[in-house]
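Enquirer: Could you have a look at this structure, given as structure tokens, before my questions?
Coordinate-derived values only; no laboratory data. The structure presented is a predicted model; accordingly, all values stated were derived computationally and were not measured. Counting neighbours? That spans all protein chains shown, and the Cβs are built from the backbone with ideal geometry, glycine included.
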């Protein structure tokens, strides 16, 4: 028989960064994407898990610690990213002064950058590698510090965003240096008592079409000057409005009627408005009288709720339905009403991120179980318990199940985690854990031994402590705590631990941790002496490459 020529069949895994494959993937249905990721194991491990493509050609570096192997993969792939999202944590792994060739490579194609948490000097060095930028967002950066030097480098920038309005309030000075500038945006605007927002008003009067965000102070003499201008404004770029008032929403209603294109309506007030277009509400109640959140049922577009109250009965006793709120922060002072907590649980079913701050309250510690059990979409939970008074009985009458909570990814507790009814045994997929060791806690070695084995997916472990627990910690307990982290937290990338001064050497312990934990990229040591924090030290894996080979 004639010999048959064997045809080589190439695996789809060989097209890891193939442009066409990625475009095909992004046009698949969700069901087909899941199937594709199951088949393409290499793609799943690198592209979808580690690089976090939010959309085509976007390199997500936020809350991601790159390994040197992954950096090499990016360079070898020659893949042309067009946008980058990054934070301080990621930048520490690839700092400009050590990895200039990487940033220069990315700068050949990137046109959109979002940066958060870097120092002014780091940003100044970094951005010079990106001459093609069209969109630039910088959080925590003083733009005015380097604008005379850095602005001429960006002749193509069309969209600029900074964290604070006052970092770039002189828009006029940018036009000659950024000839293609179309919009300016910001997140924070703190109007002083003296000018009552005069800089914002002046900016709006001169350049009304350039602002994407507008803060409005109701009943302010300065803002009264431009009421009619705002209502008559056409072809604007405003898509986010912050409206600050006490209880009067009449002019806000006129704005919403005149400007239907504004999509994000954020209100800060002392009452609940009856306007369904509101997307965010910052509500403050300064009276200890009974207050009800039931009017929130009508706000079907509300996504974020920030509620600060001193009312003894702050939620109300009549349940309602609001499934639109996904982010909630509640600060309660003096609340002793368990019925209100029950109504809170029953009324909001769509909450994904919840921050609960209590001051001088009597809500039992095991309340955490109830929030997780009744809010099926909950992913992030932060509890701050400040000087709680003696707990009162009765909350156990509200039933809850014994099931696990696989959706929980982030948990932060301002106390000993073991006080919370062994909650760590019911959140197996947790990625980030932050808790405290205090005078009521067991020692570091016992807590890590009892908690960490139940949390195999942890990537971020932050352990803080108070002076009493630090004073009584022994060298053996400290060392055993380190050993437990090595034994049970194999996927940890960021680690914060206490370390005894004069007993354990920080450099030696950091070396051992980096050797034993291949994913570990950063260590925060709080060195303690005589029960007090003596010094903070941050170590990066890059600093120990020669020692851990």
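Enquirer: Starting from 0.36 nm per residue, how many nanometres of slack lie between residue 119 and residue 180 once their C-alpha separation is accounted for?
Expert: Taking residue 119 through residue 180 to full extension adds about 19.3 nm, to one decimal.
Enquirer: For the stretch 269-359, what does the relative contact order come out to in percent, with C-alpha contacts under 8 Å and a separation of six or more?
Expert: With pairs under 8 Å counted, the relative contact order is 26 percent.
Enquirer: If you count, for each residue, the other Cβ atoms within 10 Å and average over each peptide, how do 472-480, 343-351 line up from highest to lowest?
Expert: Packing proxy ranking, top to bottom: 343-351, 472-480.
Enquirer: A further question follows. So how far apart, in nm, are the two label points at residue 536 and residue 82 if each is 7 Å from Cα heading toward Cβ?
Expert: With each label placed 7 Å out from Cα toward Cβ, I get 3.9 nm.
Enquirer: Then there is this: If R0 is 51 Å, what FRET efficiency do you get for residue 205 and residue 28 from their C-beta distance, rounded to 0.05?
Expert: Once the sixth-power term is evaluated, E becomes 0.55.
Enquirer: Still on this model: Could you tell me the relative contact order of the stretch 439-518? Use alpha-carbon pairs under 8 Å, at least six residues apart, and round to a whole percent.
Expert: Computed over the stretch 439-518, the figure is 40 percent.
Enquirer: Further question on the same structure: Hey, could you pull the Cα Rg and Dmax for the stretch 189-269, both in Å?
Expert: Calculated on Cα positions, Rg and Dmax stand at 11.6, 32 Å.
Enquirer: Can I ask one more? Hey, fewest Cβ within 10 Å first, where do 529, 240 land in order?
Expert: 529, 240
Enquirer: Next question, about the same structure. Could you list 536, 501 in order of exposure, starting from the residue whose Cβ has the fewest other Cβ atoms within 10 Å?
Expert: 536, 501
Enquirer: PRE reach from residue 246 (point 7 Å along Cα→Cβ): which of the stretch 273-296 fall under 15 Å by backbone N?
Expert: Answer for the stretch 273-296: 284-287.
Enquirer: With label points built 7 Å along Cα→Cβ from the Cα atoms of residue 524 and residue 422, find their separation and express it in nm.
Expert: With each label placed 7 Å out from Cα toward Cβ, I get 3.0 nm.
Enquirer: How far apart, in nanometres, would the label points at residue 132 and residue 253 be if each is projected 7 angstrom from Cα along the Cα-to-Cβ direction?
Expert: Rounded to a tenth, the inter-label distance reads 5.2 nm.
Enquirer: Report for the stretch 432-549 the percent antiparallel among DSSP-assigned beta bridges with both residues inside it, nearest 5.
Expert: So the antiparallel bridges amount to about 35 percent of the total.
Enquirer: So, one more: Assuming 0.36 nm per residue, please report the length gained on full extension of the stretch residue 516 to residue 346 beyond their Cα-Cα distance.
Expert: 56.6 nm
Enquirer: Classify the stretch 432-549: rounded, prolate or oblate, from the alpha-carbon gyration tensor (a ≥ b ≥ c, eigenvalue square roots; a/c under 1.5 rounded; otherwise prolate if a/b is larger than b/c)?
Expert: Judged from the Cα gyration tensor, the stretch 432-549 comes out oblate (a/c at least 1.5, b/c at or above a/b).
Enquirer: If you average the sequence gap of Cα pairs under 8 Å that are 6 or more apart and divide by the length of the stretch 471-544, what percent do you get for the contact order?
Expert: Rounded, it is 32 percent for the stretch 471-544.
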